[in-house]
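Novice: I have a structure here, written as C-alpha cells, and I will follow up with some questions on it.
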C-alpha cells in the first residue's frame, strides 16, 4: 500500500483536493463570524448629585439596583461605572431618606450599545431633617398632683414637667433621641423603660408617654399634735390623710413629736396641769405605736431633736439648749446665757445644731457646733423652728411679720435659706400663718401646720413642694400642729 504525506512531493491528487476544501471552509466560516474588533458589552455610568446642608444629607447613602441586582450602598455624591451587556437595562435608586427627594423618576431605562457608555443621572435634594417631639406625664396614687419631674432630652436639654403635663418640642432633629425622666420620688415607679430611645420622624411628631404610679409607702407617717379644749395628744397619719391613729391619751398637753432616726420611737414634750406627768413639762419617749411611754427629764423642757445616730437628744430647757443621752442620762447645757436658745434641730451629719434665738433683743436662726463651739448667725429676723434639709445644705423655718392687721394675730410664713445665710426664699404666703416646717426624706417636700384665716379656720397639716411651691392639705378631723415626718 502506498503512503501519501500531505505537503510532500509524494502527495496524491486526492489529498491535494481535500486540503483545498478545508482551507476554503475555514475562510467561509471566518467570513460568517463578527469581525475581531466588535463587542457585545457597554458601560452604564451612574452619576449621583445631592444638594442640601451636610447635616441633612442621607447618612448611609442610597441603594443602587441594575436589572434587579443590588450594588449595595452608594455615597450621596458619587460616579460609578458598571459593565453590562448590550441592550436595554433598568437602573433604580432606592433607600432615599424621608427628608430627601429625587428630581424625576427613581428608575431609568437605558439602551446600551456595544463598546459605548450611557449615563444614568440622579439629582437628589435634601431639606432640613427635622420633626417634633411630645413628652407626656401621667401620675396616679398618693397626692398625685404634687409630684414634679425633670425630663432630660439628649442633645436638647432639660425640661420641667408636672405630675400630669405635656410639653411639645418643634424643630427636633429627626432620628433616635434618648429621653430620661428624673426626680421621681422613691415611692413612685415609672412604667416602661427609663431612659428610653424614641425615633423622631421627619416632618412628624414622636410621642413619649411616662406613666408614673405613686402608691404611698405604708411606713411613711407624719406625727402631729391635735388640740382639744384642755388637752393635746399626738397622732400619726399617712401623707394622704388616711388611717389617722391616736398615740397618746393622757390628760394634759403632749407636744413637739420627733421621730428617732430608725423610725421606731418618738420623743415628745409633755405636761399635765393635773399632775399626771408630775406637773411640769418634760421630755418623754415612746414606741411608734404609743406604747412604753417613758419620762426622760423633769425640768421645764420642750422641743426634743434626735442626733443622726440616735444616741443623744437635744432639747430646750427654760431658755437654753441642752444635750442628753437618749436614755435621759448626762444632761448638760449647750447654749445658754445671752444666747437664749430654743427649738433645736440636729444637722444630718451630726456636727452642728440649728436653733432660734428670741431673747435679749437678738433674734434669728443660729447654728452651733455639737460641742458648743463656733455659734454662727444665719438670719436676723423674728425667725423660729429651724429644720435642716436631709442633705444639710438648707434650713427651713417660719418667720413672723409684725404690724399686719390680721385680727391682731401676727403673720407667719415658711422660708428656706442656705446654711450660710444666703439664698433666702419664701415658700408660703398664707393669710394668717404657716409654722413649724419639717422635711420629708426626699429633700423636696416640707410638712407644716397652717391656717388661711383666723379663728374660723383651725390649723391643718400642709405639704409644700420647695421647687414648684405647689401645696397640698392633708385632711385631718380636727386641728393639727407640730408635724414630724418619719424619714
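The values are calculated or read from the model by the stated rules, or taken from the named source; none is laboratory data. Remember, predicted model here, so these are calculated numbers, not experimental data. FYI the Cβ positions are ideal-geometry reconstructions off the backbone, even for glycines, and counts take in every protein chain you see.
Novice: Find the strands (runs of 3 or more DSSP E) located wholly in the range 29-76 whose residues include 3 or more that are exposed (fewer than 14 other Cβ atoms within 10 Å of the Cβ), in contact with a strand residue (DSSP E or B) (Cβ under 8 Å, 6 or more places away or on another chain) and at pLDDT below 90, and list them.
Specialist: The strands (runs of 3 or more DSSP E) meeting that bar are 69-74.
Novice: Could you tell me whether residue 90 is under 23 Å from residue 43 (Cα atoms), more than 53 Å from the chain's Cα centre (by Cα) and surrounded by 13 or more Cβ atoms within 10 Å (Cβ to Cβ)? Lay out the reasoning, then the answer.
Specialist: On the way: under 23 Å from residue 43 (Cα atoms): yes; more than 53 Å from the chain's Cα centre (by Cα): yes; surrounded by 13 or more Cβ atoms within 10 Å (Cβ to Cβ): yes.
In short, yes.
Novice: I'd like to verify a number: residues in the range 429-451 that are more than 11 Å from residue 481 (Cα to Cα), part of a strand (DSSP E or B) and modelled with pLDDT under 90, how many?
Specialist: Count: 1.
Novice: Then there's this: Among what's in the range 93-116 and is in a strand (DSSP E or B) and closer than 17 Å to residue 42 by Cα, pick the residue that is nearest to the chain's Cα centre (by Cα).
Specialist: Here the answer is 108.
Novice: Kindly indicate whether residue 110 is assigned by TED's automatic domain parsing to the domain that holds residue 60, touching a residue at least 60 places away in the same chain (Cβ under 8 Å), crowded, with 16+ Cβ neighbours inside 10 Å and in contact with a strand residue (DSSP E or B) (Cβ under 9 Å, 6 or more places away or on another chain).
Specialist: On the way: assigned by TED's automatic domain parsing to the domain that holds residue 60: yes; touching a residue at least 60 places away in the same chain (Cβ under 8 Å): yes; crowded, with 16+ Cβ neighbours inside 10 Å: yes; in contact with a strand residue (DSSP E or B) (Cβ under 9 Å, 6 or more places away or on another chain): yes.
The answer is yes for residue 110.
Novice: State whether one or more residues within the range 242-249 are outside any strand (DSSP E or B), modelled with pLDDT of 90 or more and surrounded by 18 or more Cβ atoms within 10 Å (Cβ to Cβ).
Specialist: Yes, the range 242-249 has at least one match.
Novice: Still on this structure, I have one more. Give the residue that is farthest from residue 254 (Cα to Cα), with candidates limited to residues of the range 295-327 that are more than 44 Å from the chain's Cα centre (by Cα) and surrounded by fewer than 20 Cβ atoms within 10 Å (Cβ to Cβ).
Specialist: It comes out as 319.
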